[in-house]
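Just so it is clear, none of the values below were taken in a lab; they were calculated from the coordinates. The structure displayed is predicted, hence computed values, not measured ones. Please note: Cβ atoms are built from the backbone with ideal geometry, for glycine as well, and neighbour counts cover all protein chains shown.
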Amino acid sequence: MLDAHAHLTDPRFASDVTAVVERARAMGVTRILTCGEDLESSVAAIELAARHPDVRVAVGVHPHRAASWSETTAARLVELARDDRVVAIGEAGMDLSGRSAPHAEQERALRAQLAMAELLGLPIVLHVRDAGREVRAIVDELALPGDAVRLRGMVHCYSEGPAEVGDWSARGFLLSFAGTVTYPGSERLREAARAVGAAGLLVESDAPYLAPQPHRGRRNEPAYVAETLAALAGIRGVSARTLAETVDANARRLFGPRWNLGAPARV
Ligand SMILES: [Zn+2]
């Protein structure tokens, strides 16, 4: 099993991250993608992955931190992406829920990171809140049909409805479901989870946020992704083992050879 999106550098994991990664492994979660939110946490994520062979890294700037974007940030991220443990650019995206950075700053950081991902041949990890249509329009602008290099990526903690599933799949983006899919009020999200083609599905913890139902309201951790995966399997009417194998194949395809390197040497 894998966890396609977590924040292991969050201060809430500072005192026990080794135990957290070990508990995940004991549950069969042997790959965790930890995502940077700015330059500092991206550097910290690579340092953490150097100590934990199950951990892979996305380096990038979260929409909440879009004001920190600069040419220097961009240059440093490109350097960081040379590390064998870095399998994606992100967490990037757009959040128009009203709780994030000014729109123009978010758009600048997103466009730059989409271009960076395409240039480096890495997938992008997208955070999309109340901004699906706008982000898809930007993606379309940057990934013109017939382009030799195609933008690839995943939408983390998918939160749109079943109708938008096809809009992302048509653009080659995988949709990742978090603990929110287990909440009693999430019927529309479960409908969306049924609508995704098997090849377009991922599962994540988004730890320390969004713990699945039995742990809701407490610190989330990657081990609990097993519960979200079991719930998703039930929603889709397949066995948990089958779904785990499907998701594993999807992650290998999306993240490429670095995803499964044993204990990669640092470049
Ligand atoms: Zn996140």
| field | Label-point gap, in nm, between L261 and A198 - each point 7 angstrom along Cα→Cβ | value | 3.1
| Counting all C-alpha pairs of region 71-226, share separated by more than 27 Å (%) | 25
| message | If each residue of separation counts as 0.36 nm, what is the full-extension length gain between R218 and R150 once their alpha-carbon separation is subtracted? | response | 20.6 nm
| task | Quick one: which residues, 5 or more positions from H5 or on another chain, have an amide H under 5 Å from its amide H? H modelled 1.01 Å from N in the peptide plane, none for Pro or chain starts. | result | L33, S205, D206
| Most fluctuating residue of I89, I124, I235 in a GNM of the chain with Cα springs under 10 Å: which is it? | I235
| Given 0.36 nm per residue, what is the gain on full extension from R188 to D167 after removing their alpha carbon distance, in nm? | 5.9 nm
| Long-range tail of P(r) for the chain (Cα pairs > 32 Å, %) | 15
| task | Given the peptides 196-206, 237-247, arrange them by the average over their residues of other C-beta atoms within 10 Å, most packed first. | result | 196-206, 237-247
| task | Can you check what the net charge comes to around L110, using other residues whose Cβ is under 13 Å from the Cβ of L110 (Lys, Arg +1; Asp, Glu -1)? | result | -2
| request: Return the long-range amide H neighbours of G90 (sequence gap of 5 or more, or a different chain), with a cut-off of under 5 Å between placed amide H atoms. | output: V59, G60, V61, V125
| query | What nm value, rounded to one decimal, do you get for the distance between A50 and R111 when each label is placed 7 Å out toward the C-beta? | reply | 3.5
| query | When all alpha-carbon pairs of region 182-267 are counted, what percent fall beyond 16 Å? | reply | 59
| field | GluC sites (Glu not before Pro) within region 1-92, DSSP loop, no more than 16 other Cβ atoms inside 10 Å | value | none
| field | Three principal axis lengths of region 1-97 [C-alpha, angstrom, descending] | value | 41, 33, 24
